[in-house]
Amino acid sequence: MLVALRGDLGAGKTTLVRSVLRALGVSGRIKSPTYPLLETYNVSSLYFYHFDFYRIKDPSELEDAGFREYFSGPGLCFVEWPERAGDWLPAPDVTLTLLVEDAGRTLLAASGSDLGRECLERMYNA
Ligand SMILES: Nc1ncnc2c1ncn2[C@@H]1O[C@H](COP(=O)(O)OP(=O)(O)O)[C@@H](O)[C@H]1O
Ligand SMILES: [Mg+2]
């Protein structure tokens, strides 16, 4: 499953992923993957991949880094700056867009697949 995270620098993308990981029970330091591009977590039997493509100049860098397999396997991928990957990235199941407001953030959530729609429906009904 692919979750694309959109929003300006400082919009709160990393903070949102950190909160998701905390809610899944991850303790200890949760780093931004800005420099390594990827941080991986094993949460029970779930493979959780947190990418940040901010520093990517060309999608070929992602191919060269061997990242393709993460997007075709069974894991859950959260990607900051998906627009940097262009057409290289598959269509997201969910796109989350963070907009900075004076005292907080507005989150726009859109699904791009049946799986994504089911996920958002469960989130709204929770
Ligand atoms: N929902 C929020 N409300 C208020 N401040 C936030 C929120 N989310 C993040 N921040 C603050 O915004 C700053 C940048 O957040 P960060 O997650 O690093 O942004 P991004 O990954 O989009 O560049 C941090 O100081 C963080 O504490
Ligand atoms: Mg970030």
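Only the coordinates and a few stated rules stand behind these numbers; no lab work does. All values reported here derive from a predicted model rather than from experimental measurement. Because the Cβ atoms are built from the backbone with ideal geometry, glycine has one as well, and the counts that use them run over all protein chains shown.
Quick rundown of the values:
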{"item": "Calculated FRET efficiency for the pair R55/A110, C-beta based, R₀ 22 Å, to 0.05", "result": "0.30"}
{"item": "Cα lying deepest toward the dipole's positive end in the chain, options A65, L76, P90, charges on Cβ", "result": "L76"}
{"item": "Point-charge dipole on Cβ atoms (K/R +1, D/E -1) for the chain, about Cα centre, debye to 20", "result": "480"}
{"item": "Within a Gaussian network of the chain (alpha carbon springs, distance under 10 Å), most fluctuating of D52, D93, D114", "result": "D114"}
{"item": "Whole-number percent relative contact order across region 10-80, with pairs defined as alpha carbons under 8 Å at least 6 apart", "result": "29"}
{"item": "Within a Gaussian network of the chain (alpha carbon springs, distance under 10 Å), most fluctuating of V79, V17, V26", "result": "V26"}
{"item": "Integer Hz, Karplus 6.51/-1.76/1.60 couplings in order for region 86-97, x for Gly and Pro", "result": "x, 6, 4, 7, x, 5, x, 6, 9, 10, 10, 10"}
{"item": "The chain - Kirkwood radius from inverse mean 1/r over Cα pairs (Å)", "result": "15.1"}
{"item": "Net charge, W81 excluded, C-beta distance under 14 Å - Lys, Arg +1, Asp, Glu -1", "result": "-1"}
{"item": "Local electrostatic count at G28 - Lys and Arg +1, Asp and Glu -1, tallied over other residues with Cβ under 13 Å", "result": "+3"}
{"item": "Candidates T40, T95, T14: whichever shows maximal mean-square fluctuation once the chain is modelled as a Gaussian network with Cα springs under 10 Å", "result": "T40"}
{"item": "Note, ³J(HN,Hα) from phi for region 21-35, Karplus 6.51, -1.76, 1.60, rounded to Hz, x at Gly and Pro", "result": "5, 4, 5, 7, x, 6, 10, x, 6, 10, 8, 6, x, 4, 8"}
{"item": "Cβ-derived FRET efficiency at R0 35 Å, V100 paired with L46, nearest 0.05", "result": "0.70"}
